[in-house]
1. Other chains near A:59-67: what is the mean number of their Cβ atoms within 10 Å of each residue's Cβ?
2. Compute the relative contact order of chain B as a whole-number percentage, counting only Cα pairs closer than 8 Å that sit 6 or more residues apart in sequence.
3. Place a label point 7 angstrom from the Cα of B:Q286 along the Cα-to-Cβ direction, then list the residues of the stretch B:226-263 whose backbone nitrogen is under 12 Å away.
4. Let me see the pair-distance distribution of the stretch A:197-305: every alpha carbon pair, 5 Å bin width, integer percents in order.
5. Among B:S244, A:S49, what is the fewest-to-most ranking by other Cβ atoms within 10 Å?
6. In this model, which of B:K179/B:K208; B:K9/B:K98; B:K177/B:K210 are farther than 26 Å apart at the alpha-carbon?
7. Write down the percent of antiparallel bridges among all DSSP beta bridges whose residues are both part of the protein assembly as shown, to the nearest 5.
8. Ordered by packing density, taken as the mean number of other Cβ atoms within 10 Å over each peptide's residues, highest first, how do B:109-120, A:217-228 rank?
Amino acid sequence: MNNIELAKNLFHKEKLEQAPTRNGYGEGLVRAGKDDENIVVLCADLSDSTRSKMFKDVFPERFVEMGIGEQNMASVASGLAAMGKIPFISSYAMFSPGRNWEQIRTTICYNDSNVKIAGAHAGVSVGPDGATHQAIEDVAITRVIPNMTVIVPCDAIETRKATLAAAKHKGPVYLRFAREKTPVFTAEKTPFEIGRAEIFYKSDSKKTDISIIACGPLVYNAILAAGELEKEGVGVEVINSHTIKPLDEKTIIASAKNSGAVVTVEEHQIIGGLGSAVAEVLAKNHPCPVEFIGVRDRFGESGEPEELIEKFGMGVGSIKEAVKKVLNRK
Amino acid sequence: MSLSDERIKFLEEKANEIRQDIIKMLLEAGSGHSAGPLGMADIFTALYFEVLKHDPGRPDWEERDRLVLSNGHICPVQYATMAHAGYFPVEELKTLRKFGSRLQGHPHRTALPGLETSSGPLGSGLSQAAGMAIAARIDLSKEEGSSSDNPIWIYCLMGDGELDCGQVWEAAMLAGKEKLYNIIGIIDRNNIQIDGFTEDVMPLEPLKDKFESFGWHVLEIDGHNMEAIIGAINESKAVFNKPSLVIAKTIPGKGVDFMEREFSWHGKSPNSEEAEKALAQLRTLQGKIKSEHE
């Protein structure tokens, strides 16, 4: 039973449209640019792969090509925001917010600048390019900065909504995207609000045994795992916690109180990511057993996205195992 | 437009008052940078009292010129000049670096109206100035019948030591590429940084050639000569289609003989004995005006 509307054929992966989340960024930028003439887009020599080119093609006078200079790009954006513009800066997450972290901290967040940072190609699912290009620390380094909002959308439609919401939100926002095509499993009508987690799946069983809290395209794996677990008699609630900061504490605490055990799922280092954020909240408000799906303090490597997701223990099978493990700790 | 002798004298006296306040506020704070602020007092005075289109009563006036201080550690000179220009009471200068003060050890934009940015970590000011210049250009192109005769000018004050940062050159490239004529950069060429002389730590010369090769119009001046400072800025405004840079040769610690050119004074404040000596020197212009009182 779904509380909210998602794509039809939710459990038939082969019938779902596949699109990279970054596509939603390009679409969202164009829409935001039409709605508000203050939207300006900067890109560091990656306008095609970040999809910022879609904006450039429509609004060339509001697009600035920065070359491979992410540090400059962050501070230029701060200057644009100081003059009332709403700049989106686009690159790979490894370089922005990776390479330009201090510029983001001082010139964007300390100034409380209205700048949006779009980090594409995050996670190990970047694939063949290998560890140097697989950002798996970006959520940790952005959520630790005051004034910052951090959003990890789960599919291309949600990314478009997140981009539009970020444009309207006042203050710095980090948006994280993936490279690979992933299932488009939300619908136009699926609600999206910054700071509000949504219960994407709830088993029909009378009681909920486990809360799975996930973000990004792995929310889909969490739903597939929930479907299988339900058949095995486990009552599951899957929460799409797209906003890592500010975290929807209310929804998370309520779910944990109801189920008594939690598994977090993210394509990021376990240290400092969604799992850490959830654990911080639960430790204070409702201590209960938690298992963490994510990268275990190591670097990524080359391979096909699917292979890497499996190898790093983020596949459907690994999520099910984590659920069983945490249920035994209850 | 040339300045009257009377006006020049007013500006020089104002700069001297600002230097005295810099010494007083650093003594009160017990820490902070001495040499840089004293060296830049003439340029800050020229900017706030002669050059900038601004209104201290309306720090958020949209049409104002923007002054981006990139080397935030010299903020005592900016605070002192802003106070004298009327942004806040001169009395408040005594709160520098203290708990609850709007005058943070390094500038914080949201703490003090009139500051255009927060700075401290070096090398990012020129990028922010470039962003402001691009925004001003986008706005100008939207207004019908507007011309670039009276744009919002973006002033970016930088130290020479921070030119070691790669980001400065990323910004310099961008400003050249985008022909950001509304940027006027001013480099405090005082030749010192924390570990010694700039040419020993990390040689910058030929600095003029470097910026020219990046597409900038570059002027070199004596940073203590009011006419030269204001003349260079006027010349910069007349340059078409290029960002301008004024390399201002300054004496760190200017006005206090035992601080002048001494890089040990880069990052420390005077004790009471040193402050007394410094203030006596400033009041008498290093002994030059003693005759008036004898």
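Each reported figure results from applying straightforward, stated rules to the coordinates on display, with no laboratory input. Everything quoted here is computed from the prediction, not taken from an experiment. Quick reminder, even Gly has a Cβ in these numbers, built from the backbone with ideal geometry, and neighbours come from all protein chains shown.
1. Working: counts 0, 0, 4, 2, 0, 7, 3, 6, 4.
Mean inter-chain Cβ contacts per residue within 10 Å come to 3.
2. Result for chain B is 23 percent.
3. The answer is B:251-262, whose backbone nitrogens lie closer than 12 Å to the label point.
4. So the P(r) values, bin by bin, are 2, 13, 24, 25, 19, 10, 5, 2, 0.
5. Going from sparsest to densest Cβ surroundings: A:S49, B:S244.
6. Values: B:K179/B:K208 18 Å; B:K9/B:K98 34 Å; B:K177/B:K210 15 Å.
Check vs 26 Å cut-off fails for B:K9/B:K98.
7. Working: 12 of 69 bridges.
Counting DSSP beta bridges with both partners in the protein assembly as shown, the antiparallel share is about 15 percent.
8. Details: B:109-120: 21.0, A:217-228: 25.0.
Ranking, from highest mean packing down: A:217-228, B:109-120.
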